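The values are calculated or read from the model by the stated rules, or taken from the named source; none is laboratory data. Since we're looking at a predicted model, the values are computed, not measured. Methodologically, a virtual Cβ is constructed for each residue, glycine included, from the backbone with ideal geometry; neighbour enumeration extends over all protein chains shown. To get the accessible areas, we keep the full protein, side chains included, count just its heavy atoms, and leave off ligands, DNA and RNA. Shrake-Rupley method; radii C 1.70, N 1.55, O 1.52, S 1.80 Å.
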Amino acid sequence: MRVQVKLFAFFREGRFIKEDKELPEGTTAGKIVDDLSIDREEVGVLMVNSRHCTFETVLHEGDIYAIFPVIGGG
Amino acid sequence: MADKIFRVNMTDLSTSIEDVPAEWAGHGGRGLTSTIVAAEVPPTCHPLGPNNKLVFAPGLLSGTTASNSGRISAGAKSPLTGTIKEANAGGTSAQKLARIGCKALIIEGQPQDDSWYSISLKPGEITISKEEKLVGKGNFAVVEDVEKRFSDKIGVISIGQGGEMQMAAANISIKDPDSHIRSLGRGGLGAVMGSKKIKFIALDSGDAKVEIADPEAFKAANKTFTKALVDHPVSQALGTYGTNVLVNIINEAGGLPTKNFSQGQFEGHEQISGETMHDLIVERGGKPKHGCHAGCVIQCSQIYNDIKGNYKTSGIEYESIWAMGADCTIDNLDQIAEMDHILDDIGLDTIETAVAFGVAMEAGVLAFGDSNEMIRIMTEEIAKGSPLGRVIGNGAGNVGRTYGITRVPVVKNQAIPAYDPRAIKGIGVTYATSTQGADHTMGYTIATEILGVGGKADPLSKEGQVELSRNLQIATAAIDSTGMCLFIAFAALDDSTCLPSLIDMINARFGINLTANDVTNLGMTILKTEHAFNTAAGFTNLDDRLPEFFEIEPVTPHNAVWDFTGEEIDTFWNF
Ligand code: SF4
């Protein structure tokens, strides 16, 4: 299946901003974080198709998956 | 020397320095400005008339070495909303006022003639002077000139042309450590200062210091507090990308109001994002990390240079970039920075003014995305007070009424900032119930709904949102009284050493014994004081509502509408 993965803030450093990935069915959000060598502790927010999700969320064909570090503002 | 109340009467040009009444002693910042406005301003008065009062107060810890404690509050009845108002800002004035020994500066009355004035404060001394030279000038010229007259160490509080013309979007400018501008942004307090014919206030604290009752305990508590701030990952991201790091995440969540609140996502989000801004700043030799006052350890501000590497603006916030950017569909950071600079100079709130432009675009006054025309209108119409300039300078609600537009994002006539309440519902509760019109800083539910700080809440669900907003509004009212920057809240929500050490500092400063409960009670008391003022001014629960279009126009990508009932919103005040 194809999933678009988007990275933000310093997760982009040495990686990418946006990439389409070919992944096996059943891949979880957490598995993608691990494969990118991102420390789960540093992850603040995960979203699939503009909705918050967890490391356990299973991704599907055509999903847009966004990974953010812990950030804030206001 | 004990702190005093400094009072200036602009009707007869008299001044006095008074003892602090016992019931004001425990207050600072917002708690004090709201307490004084509630005690001394008739709620039904005209905000621009002689009976309104403009109050400035440093926070309880301002002027000390406490990290991030340099925020100043200003309060009055707002000409924009008609409610009580508190705005707060960084810069050097809070520290100067506190060191002068001024617990609050109260400006009352109104000159009988057309003369303009300035005020200067020193420890134990208030001077009122006639001002001619700087009338009609922008804030940058004022700061430059006042520094020449006094010294570059001087604190400066000023208004630009917007405040002079008493526009409802006018802000009050506060000089920062680099002689640039921070703003008491919201609610048109610049118009109140203009109505009292005060162009600037100069603050000279000399080498006076704030007294600390227990210096050792203070130092120890500050150390713990500072560590909690510095260690929190949000602080680190703020120092790198500024608050503008939010553009991409709010866009991703579908809550980035775009094209005058007709969409929830902006195609050009990446071009105006914190990530892009960071790279541009570094490339042009600016500073991504910068404090709005000495003693800030988070440093969300920045120095933004133009393409030639020359200084353009600083301290540009997410909400300003959103307003001039996504809401007006402008995807060019240089144009946004230029507008930020112009609005700082004229002295207008970036949020109110840019949202007003968004409504004007909807009305066809200018095209969406036309930043050149925005810049022209700012410099040639607003700064010069032409009819069109005044229509826009009086805010988004005014533009909507003038042109017959129904999609007007305001609550109590104040423009809604940067987060769409249909897609992020908790913040909608804050907009609806805030004592001061739509204002995200009053109860920043985004932390929990979107950023996952201080727990979690589903932004598209109503569940728990009223309670979340209530708890945050109570805590915020208390924090706004300490002189602390609100961004300490991220550490306070997550790190159990943060709030206790803040309370320890207040206790060590004054030699008192506040508990966490006292602080919560303080927050509740402030909200109730403000709410009572509004009620006496004629506001009812029916004013605690969002504009109708949020209920009947679904917003992409979630196709969400605002679906709180009035009864549900009204439970906010059950405390
Ligand atoms: S974190 Fe930002 S707003 Fe807060 S005190 Fe520092 S520079 Fe000012």
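Suppose every K and R has +1 on its Cβ and every D and E has -1 on its Cβ; what is the size of the dipole of the stretch B:4-203 about the Cα centre, in Debye to the nearest 20?
On the way: 23 positive and 19 negative charges, 70 e Å.
In debye, rounded to 20, the stretch B:4-203 gives about 340.
Which log10 I(q)/I(0) values, to two decimals, does the stretch B:443-575 give at q = 0.09, 0.15, 0.18 Å⁻¹ under the Debye formula with one point per Cα?
-0.34, -0.87, -1.13
Can you give the net charge of the other residues whose Cβ lies under 12 Å from the Cβ of B:Asp349, counting K and R as +1 and D and E as -1?
Numbers: positive: B:Lys85, B:Arg186; negative: B:Glu317, B:Glu319, B:Asp340, B:Asp344, B:Glu352, B:Asp439.
After counting each charged neighbour, the total is -4.
With all distinct Cα pairs included, what does the Kirkwood hydrodynamic radius of the stretch B:4-203 come out to in Å, to one decimal, could you say? Don't skip to the answer; put the middle values down first.
Working: mean 1/r = 0.0618 Å⁻¹.
The Cα-based Kirkwood calculation yields 16.2 Å.
Could you calculate the contour length gain from B:Leu388 to B:Asn513, that is, 0.36 nm times the residue separation minus the distance between their Cα atoms, to one decimal place in nm?
On the way: separation 125, 0.36 × 125 = 45.00 nm, distance 5.45 nm.
Net length gain for the segment: 39.5 nm.
Check cross-link reach from B:Lys528 to the lysines: straight Cα distance under 19 Å, and skip same-chain residues fewer than eight apart.
B:Lys77, B:Lys85, B:Lys412
Once Rh for the protein assembly as shown is found with the Kirkwood sum over Cα pairs, what is the Stokes-Einstein diffusion coefficient at 10 °C and 1.306 mPa s, in µm²/s? Don't skip to the answer; put the middle values down first.
Values: Rh = 24.6 Å.
Taking Rh from Cα pairs, D becomes 65 µm²/s.
Arranged from highest to lowest average of other beta-carbon atoms within 10 Å per residue, in what order do the peptides B:446-459, A:4-17 appear?
Working: B:446-459: 22.1, A:4-17: 16.1.
Final packing ranking: B:446-459, A:4-17.
Summing both sides, how much accessible area is buried between B and A? Use a 1.4 Å probe and give Å² to the nearest 100. Each step should come with its number before you reach the end.
Numbers: alone 19600 and 4590 Å², together 22190 Å².
Interface between B and A: roughly 2000 Å².
Which FRET efficiency value, to the nearest 0.05, is calculated for B:Glu125 and B:Asp458 with the Förster distance at 51 angstrom and r the Cβ-Cβ distance? Write down the numbers at each step before the final one.
Numbers: r = 56 Å, r/R0 = 1.09.
FRET efficiency, B:Glu125 to B:Asp458: 0.35.
Along its three principal axes, how long is chain B when you only count alpha carbons? Whole Å, largest extent first please.
Per principal axis, max minus min of the Cα coordinates gives 59, 52, 52 Å.
Leaving ligands, DNA and RNA out of it, rank B:Asp207, B:Asp231 by accessible area with a 1.4 Å probe, largest first. Intermediate results must be reported in sequence, preceding the final value.
Working: B:Asp207 135, B:Asp231 80 Å².
Of B:Asp207, B:Asp231, the descending order of accessible area is B:Asp207, B:Asp231.
Projected onto the charge dipole of the protein assembly as shown (+1 at Lys/Arg Cβ, -1 at Asp/Glu Cβ, origin at the Cα centre), which of B:Thr525, B:Ile5, B:Ala191 gives the Cα projection farthest towards the positive end?
Farthest along the dipole direction, towards plus: B:Ile5.
For B:Asp563 and B:Ile307, calculate 0.36 nm times their separation in residues minus their Cα-Cα distance, and state this gained length in nm to one decimal.
Roughly 87.6 nm would be gained on extension.
On the protein heavy atoms, probe 1.4 angstrom, tell me the percent of accessible surface of the protein assembly as shown carried by carbon and sulfur. The partial results should precede the final answer.
On the way: 11030 of 22190 Å².
Its accessible area is 50 percent carbon and sulfur atoms.
In the neighborhood of B:Glu125, defined by Cβ-to-Cβ distances under 12 Å, what is the net charge if each Lys or Arg adds +1 and each Asp or Glu adds -1? Please list the in-between numbers first.
Details: positive: B:Lys4, B:Lys122; negative: B:Asp204.
That sum, taken over residues with Cβ under 12 Å, equals +1.
So for chain A, what percent of the C-alpha to C-alpha distances run longer than 21 Å?
Values: 434 of 2701 pairs.
Of the Cα pairs, 16 percent sit more than 21 Å apart.
How much solvent-accessible surface does A:Ser37 expose, in Å² to the nearest 10, with a 1.4 Å probe and all protein chains in place?
Here the accessible area works out near 90 Å².
Give the lysines whose C-alpha is closer than 28 Å to that of B:Lys223, dropping any in the same chain fewer than 8 places away, or say none.
Once the sequence-local lysines are set aside, what remains near B:Lys223 is B:Lys96, B:Lys103, B:Lys153, B:Lys175, B:Lys209, B:Lys287, B:Lys289.
Which residues among the stretch A:30-51 fall inside the zone where the amide N is under 20 Å from a point 7 Å beyond the Cα of B:Asp231, along Cα→Cβ?
Residues A:40-44 fall inside that zone.
Note down the nm distance, to one decimal, between modelled labels 7 Å out along Cα→Cβ at B:Glu270 and at B:Thr15.
5.7
For every helix of n ≥ 4 consecutive DSSP H residues, a contribution of -39,500 (n - 2.57) applies; sum these over the protein assembly as shown, divide by its total residues, and give [θ] at 222 nm rounded to the nearest 500 deg cm²/dmol.
Working: 24 runs with 228 residues, N = 649.
Calculated from helices alone, the mean residue ellipticity at 222 nm is -10000 deg cm²/dmol.
What is the mean number of Cβ atoms from other protein chains located within 10 Å of the Cβ atom of each residue in peptide A:8-15, rounded to a whole number? The partial results should precede the final answer.
On the way: counts 10, 10, 7, 0, 2, 0, 0, 0.
Taking all residues of A:8-15 together, the mean is 4.
Does any residue of the stretch A:42-74 lose at least 30 Å² of accessible area with all protein chains in place compared with its chain alone, and if so which ones (probe 1.4 Å)?
Those residues are A:Val45, A:Met47, A:Ser50, A:Arg51, A:His52, A:Phe68, A:Val70, A:Ile71, A:Gly72, A:Gly73, A:Gly74.
Compute the distance from the alpha-carbon center of the stretch B:31-107 to that of the stretch B:475-522, in whole Å.
The two parts, judged by their Cα centres, are 19 Å apart.
Enter the accessible area of B:Cys300 (Å², nearest 10), with the probe set to 1.4 Å and all protein chains included.
Roll a 1.4 Å probe over it and B:Cys300 shows about 30 Å².
Provide the per residue accessible area, probe 1.4 Å, for chain B, rounded to a whole number of square angstrom.
Here the residues of chain B average 32 Å² of exposed surface.
Full extension from B:Val282 to B:Asp214: what is 0.36 nm times the residue separation minus their Cα-Cα distance, to one decimal in nm? Can you show the working numbers first?
Values: separation 68, 0.36 × 68 = 24.48 nm, distance 4.26 nm.
Computed gain between B:Val282 and B:Asp214 is 20.2 nm.
By the scheme Lys and Arg +1, Asp and Glu -1, what is the net charge of all other residues having a beta-carbon under 14 Å from that of B:Asp113?
Working: positive: B:Lys130, B:Lys196, B:Lys197; negative: B:Asp12, B:Asp114, B:Glu131, B:Glu132.
Net charge around B:Asp113: -1.
Once you charge only the Cβ atoms, +1 for Lys and Arg and -1 for Asp and Glu, what is the size of the charge dipole of chain B about its Cα centre, to the nearest 20 debye? The partial results should precede the final answer.
Details: 47 positive and 70 negative charges, 267 e Å.
Dipole size: approximately 1280 debye.
Could you order peptides B:216-224, B:359-367, A:23-31, B:485-493 by the average number of other Cβ atoms within 10 Å of their residues, highest first? Write out the running numbers ahead of the final one.
Details: B:216-224: 16.3, B:359-367: 18.7, A:23-31: 14.8, B:485-493: 24.3.
Top of the packing list down: B:485-493, B:359-367, B:216-224, A:23-31.
Hey, with R₀ at 56 Å, roughly what FRET efficiency would A:Gln4 and B:Phe150 work out to, going by the Cβ-Cβ distance, to 0.05?
Values: r = 58 Å, r/R0 = 1.03.
Efficiency, rounded to the nearest 0.05: 0.45.
Take every residue in peptide B:243-255, count the Cβ atoms of other chains within 10 Å of its Cβ, and give the average of those counts.
Values: counts 4, 1, 8, 4, 2, 7, 10, 1, 2, 10, 6, 4, 1.
Average per residue, whole number: 5.
Antiparallel as a % of all DSSP beta bridges within chain A, to the nearest 5? All intermediate terms of the calculation are to be shown ahead of the outcome.
Values: 13 of 17 bridges.
Here the antiparallel bridges make up roughly 75 percent for chain A.
Taking a cut-off of 20 Å, what percent of all Cα-Cα pairs in the stretch B:184-340 are separated by more than that?
Values: 7539 of 12246 pairs.
For the stretch B:184-340, the share of Cα pairs beyond 20 Å comes to 62 percent.
Mind checking the dipole of the stretch B:468-575: about its Cα centre, +1 per Lys or Arg Cβ, -1 per Asp or Glu Cβ, Debye to the nearest 20? Mind showing how you got there, number by number?
Working: 4 positive and 15 negative charges, 109 e Å.
I would put it at about 520 debye.
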